[in-house]
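First the structure, in the form of structure tokens, and then the observations on it.
FYI, it's all coordinate maths here, none of it is from the lab. Worth saying up front: this structure is predicted, and the values here are computed from it rather than measured. Positions of Cβ are generated from backbone atoms using ideal geometry, with glycine treated the same way; all protein chains shown enter the neighbour counts.
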Amino acid sequence: MMKSEQLYEGKAKKVFATDDPALLIVDYKDDATAFNGLKKGTIAGKGIINNQMSNRLMQRLERAGIPTHFVEELSERETLVKRVEIIPLEVIVRNIAAGSFSKRYGVPEGKVFSAPTIEYSYKNDELADPLINTSHILALQLARADEMETIRRYALRVNEVLSAFWAECGVTLVDFKLEFGRLPDGTIILADEISPDTCRLWDSKTGEKLDKDRFRRDLGGVEDAYAEVMRRLCGHGGN
Ligand code: TMP
Ligand code: ASP
């Protein structure tokens, strides 16, 4: 597969065209940002971990019936994916209060919900990714009602599959962010990445944070946390 021109460089990834118009190559960087790019840094080895972890989780989700953009891991940092039109939404599922939920509603971090919550943010850097509801999504024509039903169903199913999977690794899936895209025929598939950048992952026994919050909150041990959570995933034989 020929890597041709760079189409896009995001905060954590570069995206390249290939000689097949239906396929792209994603190249994961070690760069990290937080607070809409206000905080910048590097997490050594993160690109490798996020690439490999995301691919492994996407393959697991495919087996559970959720269509994803994953095609083939090409190298430590590069993956071949299906080209989609990204729906500009961050789809956030939460099992336990943390982060912006705790701040917005004045709920202590760690409060376990009786059922998962789902919310959406409008992916728009100038507006700093504001929270958005389904009727606003329809008004802005970001997605259709039937697409939002599919996205919601997939997101909650991803939560079931990944919560169970991480639990087997001794890790609690606190919350996570997904992005979806449309194939040329309109099919909705899971895109972007699933990694410690986009999930809150807590050690099930100690509650230790094993995700990007260590970077966001200057907790130290950032690289070690990424390596540890990758080790847990790999140590889990069942795929
Ligand atoms: P939040 O509590 O800050 O809203 O974050 C919820 C989840 O979404 C958390 O697992 C981190 C992830 N996330 C992203 O992947 N990208 C983002 O830009 C933000 C703000 C959060
Ligand atoms: N990656 C996002 C940014 O730079 C935010 C985050 O993950 O906290 O804004």
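Tabulated values for the structure
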read-out: Magnitude of the charge dipole, the stretch 1-47, Cβ model with Lys/Arg +1 and Asp/Glu -1, debye to 20; value: 360 debye
read-out: Unit charges at the beta carbon, dipole of the chain: most positive-side option, N95, A17, S75; value: N95
read-out: Two-site FRET efficiency, E168 against L140, from Cβ-Cβ distance with R₀ of 41 Å, rounded to 0.05; value: 0.55
read-out: Charge-dipole axis of the stretch 139-198 as Lys and Arg at +1 and Asp and Glu at -1 on Cβ define it, positive-most pick from P184, L140, S163; value: L140
read-out: Part-to-part distance (alpha-carbon centres) for the stretch 142-196 and the stretch 204-225, which is given in Å; value: 23 Å
read-out: Separation of the E72 and Q6 label points, Cα + 7 Å toward Cβ, nm; value: 2.4 nm
read-out: Dipole in debye (nearest 20) - the stretch 68-125, about Cα centre, beta carbon charges: Lys, Arg +1; Asp, Glu -1; value: 360 debye
read-out: Cβ crowding within 10 Å averaged over residues, with 121-129, 95-103, 188-196, 45-53 ranked highest first; value: 188-196, 45-53, 95-103, 121-129
read-out: Relative contact order, percent, the chain [alpha-carbon distance under 8 Å, six or more residues apart]; value: 18 percent
read-out: Mean residue ellipticity (222 nm) of the chain, computed from DSSP H runs ≥ 4 via -39,500 (n - 2.57), nearest 500; value: -9500 deg cm²/dmol
read-out: Estimated distance in nm for a label pair at R157 and D185, the labels positioned 7 Å out from Cα along Cα-to-Cβ; value: 1.6 nm
read-out: Euclidean distance between Cα centres, the stretch 116-131 to the stretch 1-69, Å; value: 20 Å
read-out: Net dipole in debye of the chain [+1 Lys, Arg Cβ; -1 Asp, Glu Cβ; about Cα centre; nearest 20]; value: 660 debye
